Amino acid sequence: MTTSGAPKRPSFKRSSPGKKSRLRTRRVAAGGREGEAEAEAAGTSALARALLPASVGLDAVPPVGRALPRDFFEVDALDLAPRLLGKLLRRDEVVLRITEVEAYRPNDSACHGRFGITARTAPVFGPGGHAYVYLCYGLHMMLNVVADIEGVGAAVLIRSCSPVSGLETIQRRRGQQTEKPILLTGPGKVGQALGLSTDWSSHPLYAPGGLEVLDGPEPESVLVGPRVGIEYASPEHVAAPWRFAIAGTPWISAPKNTLRPRY
């Protein structure tokens, strides 16, 4: 649906946020790691030139930063969702920048946690900062980042990303030889690009190795709107503006006309 002006946020009670994280972007140090820095720059610069608008310099390409601490994730999903924008997902040589997310919260009629703890949903009730990967329609692997503290039952769905490195691997996994946004705009596409399965559920995303969420620069502006494909939920939750996206990027899934500036 399309609304005029900024969407009004429903007044739901938030869960208690965890400790605030101090976010810093780690730059590659000189000296012993110069070779590593040069290799990383070579891998990202060519892709950046192909994917970024001409008006955007290569300095806008996010560096591969440090892993985020566990307490970064131990906040309400509605707070975690916009904080994840601009952060990086890394698995093997593939690095993706998160461009679009959706928050799913306790007592949310669109959240899998509404079913309680089952074999499928147990990871949602795990500690914040762990992965929850589920199979949608028997086809798509959907990556979620568990939010809040253990037992709450909340998560953030990764809806879209943009490529930072590993383009050839992304294209091979997706079966598409393209550099256009269609490559990664949709949660199933993100899961496929990362080569995920449900075996990744409960994996700690703050631990080195495997699948990681890394620090990255915050976006200058953010769009918000209602979540996608939750017509089964209550009208209040269908209309809730709990979808967040980086403004000004083409790496956002449809529909785009329901998104409005956050402030």
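Structure data summary
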| read-out | value |
| --- | --- |
| Estimated inter-spin distance, residue 234 and residue 221, nm [label 7 Å along Cα→Cβ] | 3.4 |
| Surface share of carbon and sulfur [accessible, 1.4 angstrom probe, percent] for region 99-259 | 55 |
| Net charge contributed by nearby residues that have their C-beta within less than 9 Å of residue 154 (K/R +1, D/E -1) | -2 |
| Amide H within-cut-off set for residue 201, under 5 Å, with H built and near neighbours excluded | 133 |
| Exposure rank, largest accessible area first [182, 117; 1.4 Å] | 117, 182 |
| Other-chain or far-sequence residues with amide H under 5 Å of residue 126's (modelled H) | 151 |
| Rounded accessible area per residue of region 99-259, 1.4 Å, Å² | 39 |
| Net charge, residue 110 excluded, C-beta distance under 14 Å - Lys, Arg +1, Asp, Glu -1 | +1 |
| Magnitude of the charge dipole, region 112-175, Cβ model with Lys/Arg +1 and Asp/Glu -1, debye to 20 | 280 |
| Charge context of residue 192, other residues only, Cβ under 11 angstrom, K/R +1, D/E -1 | +4 |
| Simple label model, 7 Å out from Cα along Cβ direction - residue 262 to residue 172, nm | 3.6 |
| Lys, Arg +1 and Asp, Glu -1 on Cβ, resulting dipole of region 99-259 about Cα centre, debye, nearest 20 | 520 |
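The values are calculated or read from the model by the stated rules, or taken from the named source; none is laboratory data. These numbers come from a predicted model, not from an experiment. Virtual Cβ from ideal backbone geometry, glycine too; neighbours counted across all protein chains shown. Areas reflect the complete protein model, heavy atoms only, side chains present, ligands, DNA and RNA absent. Shrake-Rupley method; radii C 1.70, N 1.55, O 1.52, S 1.80 Å.
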